[in-house]
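Notes follow once the structure below has been shown.
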Amino acid sequence: MTHRSLPFLASAILLGAPGASLAAQAYPTSPPPAGPIRPAVFPPFQEERLPNGLTLLLVESHRQPVVSISLAIPAGTAFDPAGKEGTASLLAGLLTKGAGGRSAEQVAEAIERVGGSIGAGADNETLTLRADVLAPDARLAFELLGAALTAPDLPAEELELLRTQTLSSLQLELSQPASIAQRQFNRVLYGDHPFGRAPTAGTVQAITREDLVSFHRDRVRPEGSLLVVAGALSLEEARRLASQAFGTWRGSPADVAAFPAPPTRSAREIVLVHRPGSVQSNILIGNLTFPPTDTASYAATIANQVLGGGAGSRLFMILREEKGWTYGSYSSIVRQRKMGTFLASAEVRTEVTDSALGEMLAQLTRLRTERVTAEELDAAKGALVGRFPLSIETADQVAGAVLNARLLGLPPDYLSTYRTRLAAVDATSLQRAATSLITPEASLVVVVGDGTRLLEKMEQLGPVRMLTPAGESLAREDLFGPATRIPADLSLMAARSDSFAILIQGMPLGGQRITLERSDTGFRYRDRMSIAGILSQQTEVVLDATGRATTVTQTGEVQGQPTAVDVTYANGRARGSATTMDPASGLKTVTVDTTVSEAAIDDNTLLAFFPALPWAAGARWTFPVFNAGQESEMTLTLSVTGTESVTIPAGTFDAFRADLTGGPSPFTFWISVAQPHRVLKVALSGQPIEFILVP
């Protein structure tokens, strides 16, 4: 028999031998039944109260040679002094920036040298420090944490650096509709309760080093704090290291007045946050609910998974897959020690906002009034039960899970019995829990979007209260604005040409040149702008003798994609076409044919009109503008907020500082006090971009 006949021999054995029928049985036709759910296996929790009042909780495991340390202190953002919101977060950011004789660089070098990590943060209720190291380096981790807690330097230079970073993050946050929605949702839902407060630029600027020292002295104390150690460390070793690191740390946190209760709602409340020019809406629907210790929490967790816990949930499948209204819609349960919060969310196109909101409310009601199917129940339980073990694989995950459960006041067996309790949920208990979890008829609805396009639709669902992104109240007349032209003196619109350097994070990456020419029939305004690798654009607007635009022509590229606007204004309408880059959907071409109010100016011409305004301290103007590319009209407000000296490449000038609000992003302008007024500098809030006048 030759070698080449071996395949034939193998086939003959499989197909012709008496046992050949076994081959047909090699692949089962149905999956095997699921095995019984077993409780999660945790090492025994060992607990001690140290002499200074600090509680030590050890989860000893030698599966991996690592140690994770978490220390939670009841000193979260809810304890920030009024008017100085951001104190706890700034303190957390500074605790590891120099302590115990080590500078910030030396602390970082010490922990990085052993391949570990250290950090701190603050949430509503707690300030938490964490460190992760290999087991042989546990002493160093305890030493660094002990120094950070008992002897932080809180260096002034690190505070100013962190303050700058925080203010920059706040600017960015306040330019993002999702962040605006969450801020206003918390503010309205919690009312005067501290959970509804959030830092602002003003409160962060007001915080001094002395404030941080006082907060540390009054709140960062061992009594009531919890130290969780997980990993390859014995109780004796953990006790010894903790005593060495925290033995000199003494005292109880200062007493504080009881927090005011959040407001209760007996009817649905709709809040519309007007963000002019938005092409999509951010929807949040939610309510306060029971605390995490309620026995209904397990069934509520399954109910939330069915409703909006993932890509297979009802909200996702209906709003995205069936309707095509959104990229995703979800729901969640936020757990605090004494209360819970249910929240459903979606980001949708402006034109379908009312439909999406109506469908979301319908799905919330459906979960309360209809029993879920067996298939949905099994899928939700399988997803949650199956992925839980993946969340407690490492020492730091175990430490985090144990810490969180203890801070929420959950029973000692919560983690070990979590999977079996979820698996025991049936359709009846799920529906009963959903009825307590969700109150759509008495919920808070927050919608962030263009109010001029949303208000009437929202009013069909109930009374609407309007706010600005900063939380200030808006009336209907504020929203639509007066039909008043920008009060520019056209005689001051002299022919001129100005050049600006465009700086991104302080680096020059582009330029802009604007030119205004007068003619027998009016004005011609040109704007050429280029930002390397991002944008190249040329705009020309022709205006009549009254300053009204007659044509706007724009060509260019945005991130390599060609854009163009060709629009004519006549008889109260704008007609033409526009190909623009849409933030939500990318390149978009539209036919422009819409009404434009008599008072509106083309938004491209703002820099032509600004030098001709009657500038004065405290001046404020509100006027309509039209964006041809987005085919939308909005009302802008330009407010003089002060004067200051400005030094730029073109010279040093006394300048009015003015904020332009009402558009998709706020801007700050600096205009020379001396006539003829000139635009000296422009800054885009929330972005590290500046336009600086150059010679």
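The values are calculated or read from the model by the stated rules, or taken from the named source; none is laboratory data. The structure presented is a predicted model; accordingly, all values stated were derived computationally and were not measured. Here the Cβ is made from the backbone with ideal geometry for all residues, glycine too, and neighbour counts use every protein chain on show. SASA here: full protein model, heavy atoms, side chains in, ligands and nucleic acids out. Shrake-Rupley method; radii C 1.70, N 1.55, O 1.52, S 1.80 Å.
Of note:
- Condition met for Ala232 (open to solvent by less than 10 Å² (accessible area, probe 1.4 Å), within 22 Å of Glu143 (Cα to Cα) and in contact (Cβ under 8 Å) with a residue 24 or more places away in the chain): no
- Checking Ser329 against (1) assigned to a strand (DSSP E or B); (2) among the small types (Gly, Ala, Ser); (3) under 30 Å from Gly224 (Cα atoms); (4) open to solvent by less than 20 Å² (accessible area, probe 1.4 Å), the condition it does not meet: (3)
- Within the range 71-93, the residues that satisfy the criterion of being open to solvent by 10 Å² or more (accessible area, probe 1.4 Å) and hydroxyl-bearing (Ser, Thr, Tyr) are Thr77, Ser89.
- Selected residue (criterion: modelled with the highest pLDDT) from residues of the range 649-689 that are of a type in the set (Ser, Thr, Tyr) and open to solvent by less than 20 Å² (accessible area, probe 1.4 Å): Ser672
- For Arg250, the requirement of being over 30 Å from Asn627 (Cα atoms), open to solvent by 60 Å² or more (accessible area, probe 1.4 Å) and either hydrophobic (A, V, I, L, M, F, W, C) or at pLDDT 95 or above (or both) is not met.
- Yes/no for Thr150 being more than 30 Å from the chain's Cα centre (by Cα), open to solvent by 40 Å² or more (accessible area, probe 1.4 Å) and of a type in the set (S, T, N, Q): yes
- Any pair with Cβ under 6 angstrom, 6 or more apart, that starts in the range 624-645 at a residue that is without any contact (Cβ under 8 Å) to a residue 40 or more places away in the chain and in a strand (DSSP E or B) and ends at one that is open to solvent by 10 Å² or more (accessible area, probe 1.4 Å) and among the hydroxyl-bearing types (Ser, Thr, Tyr): Thr637/Thr622; Thr637/Thr661
- Contact map, the range 49-66: first residue on the phi > 0 side of the Ramachandran plot, second residue surrounded by fewer than 19 Cβ atoms within 10 Å (Cβ to Cβ) and acidic (Asp, Glu), Cβ cut-off under 6 Å, separation 6 or more or different chains; pairs are Gly53/Glu223.
- Failed criterion for Asp192 (all others in (1) outside any helix (DSSP H, G or I); (2) open to solvent by less than 50 Å² (accessible area, probe 1.4 Å) hold): (2)
- Considering residues of the range 186-229 that are in contact with a helix residue (DSSP H, G or I) (Cβ under 8 Å, 6 or more places away or on another chain) and among the hydroxyl-bearing types (Ser, Thr, Tyr) only, the residue nearest to Thr87 (Cα to Cα): Thr200
- Checked against the criterion of being surrounded by fewer than 21 Cβ atoms within 10 Å (Cβ to Cβ), charged (D, E, K, R) and within 30 Å of the chain's Cα centre (by Cα), the candidates Glu143, Glu158 yield just one match: Glu158.
- Within the range 77-117, the set of residues being farther than 19 Å from Ile207 by Cα and either part of a loop (DSSP other than H, G, I, E, B) or within 24 Å of the chain's Cα centre (by Cα) (or both) comprises Gly100, Gly101, Val114, Gly115, Gly116.
- Looking across the range 595-618 at every residue that is in contact with an Asp or Glu (Cβ under 7 Å, 6 or more places away or on another chain) and either modelled with pLDDT under 90 or in a helix (DSSP H, G or I) (or both), the one that is farthest from Arg526 (Cα to Cα) is identified as Ser597.
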